[in-house]
1. Just one of R73, R129 is modelled with pLDDT of 95 or more and either surrounded by 11 or more Cβ atoms within 10 Å (Cβ to Cβ) or under 18 Å from the mean Cα position of the chain (by Cα) (or both); which is it?
2. Check the stretch 52-61 and report whether any residue there is in contact with a helix residue (DSSP H, G or I) (Cβ under 6 Å, 6 or more places away or on another chain) and in a helix (DSSP H, G or I).
3. Of all residues in the stretch 132-148, which are of a type in the set (V, I, T) and either open to solvent by 40 Å² or more (accessible area, probe 1.4 Å) or within 29 Å of T59 (Cβ to Cβ) (or both)?
4. Filter the stretch 76-126 down to residues that are charged (D, E, K, R) and either more than 14 Å from the chain's Cα centre (by Cα) or open to solvent by 80 Å² or more (accessible area, probe 1.4 Å) (or both) and give me whichever is farthest from A43 (Cα to Cα).
5. Quick check on the stretch 35-44. Is at least one of its residues touching a Lys or Arg at 6+ places or on another chain (Cβ under 9 Å) and over 18 Å from D14 (Cα atoms)?
6. Could you tell me how many of the residues in the stretch 149-174 are aromatic (F, W, Y), surrounded by 14 or more Cβ atoms within 10 Å (Cβ to Cβ) and out of contact with any Phe, Trp or Tyr (no Cβ under 6 Å at 6 or more places or on another chain)?
7. Restricting to the stretch 9-32, give me the number of residues that are open to solvent by less than 80 Å² (accessible area, probe 1.4 Å) and charged (D, E, K, R).
8. So Q35 fits all but one of (1) open to solvent by 30 Å² or more (accessible area, probe 1.4 Å); (2) touching a residue at least 12 places away in the same chain (Cβ under 8 Å); (3) at negative phi; (4) not in a strand (DSSP E or B); what number is the exception?
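The values are calculated or read from the model by the stated rules, or taken from the named source; none is laboratory data. Every value quoted in this text rests on a predicted model; they were computed, and no experiment measured them. Neighbour counts run over all protein chains shown; Cβ positions are idealised from the backbone, glycine included. Accessible surface is based on the protein model in full, side chains and every heavy atom, while ligands, DNA and RNA are left aside. Shrake-Rupley method; radii C 1.70, N 1.55, O 1.52, S 1.80 Å.
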Amino acid sequence: HTGSQLPVRALTNDTYANSIYHWKNGKTPVMDPGQSIGRFILAADMLEQYDAQKVNGPTDYAFKILDAVSARRTVWRIVYDNVNMKIFFLTRANPAMRTIDVNRLDFACQTPVQVIDINTPLSGDITDRFEDYTRQKNRTLIENSFRKTRFLRNYTDAAFDRLADFPDSMTCKP
C-alpha cells in the first residue's frame, strides 16, 4: 500500500485491508484476537489527531502511540525517522532509548556485516557499538529466541544450524 492506498501509516497484527475497513466503519469486530483491530483503530485515531504544535516532535509522538497500543506481549518498539535517517528503539529487557544513525553506517560490500543485540544494556547513540557478525552469534540468537517462543521451542539443533547457515548463502551486489 502506498499513496492514497495507505490512508493510515500504521499496522498491527491483522491485514491492512481488514484494519482499514473497521477503522472507516468506526467499530471493532466482535472477534478481535489480540485486540489487533482495536489497537489499529486507536493508532489511526491518534495519527489523525497529531498536532505538531502540541508535541515534542514526531518521534516522541510515535512512541506515545506505540505505548498506547502496546500489548502485554510487546517485546520491543521501534520508530524510523526517514528524514534524519535515524532509528529509535527500546525493548522490554532494556527500556532505555537507543538510537542508530543510519548515515554513519557503511553499506559497502567490502565492509564486514555487523550486528548488535538489541537487549544489550546500552542507551543513547549505539551506532558505534555494533560488532562483526559471526555465524555463532547468529546461531546463539536463533536458538535463544526459539527456545523462548512456545510454538518454536521444539526445533532441533540441526534446524538451528540450517537457519544459522542461511546468511552465509547471501552475496552482496554493489
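1. On the way: R73 fails: modelled with pLDDT of 95 or more.
After applying the criteria, what remains is R129.
2. No.
3. Filtering the stretch 132-148 for residues of a type in the set (V, I, T) gives 134, 140, 142.
Residues satisfying the conditions are T134, T140.
4. Filtering the stretch 76-126 for residues that are charged (D, E, K, R) and either more than 14 Å from the chain's Cα centre (by Cα) or open to solvent by 80 Å² or more (accessible area, probe 1.4 Å) (or both), the one farthest from A43 (Cα to Cα) comes out as D106.
5. No, that holds for no residue.
6. From the stretch 149-174, those aromatic (F, W, Y) are 151, 155, 160, 166; that's our starting set.
Adding the requirement that they be surrounded by 14 or more Cβ atoms within 10 Å (Cβ to Cβ) leaves 155, 160.
If we keep only those that are out of contact with any Phe, Trp or Tyr (no Cβ under 6 Å at 6 or more places or on another chain) as well, we get 160.
Total satisfying the criteria: 1.
7. Going through the stretch 9-32 one residue at a time, the tally reaches 2.
8. That leaves (3) as the condition not met.
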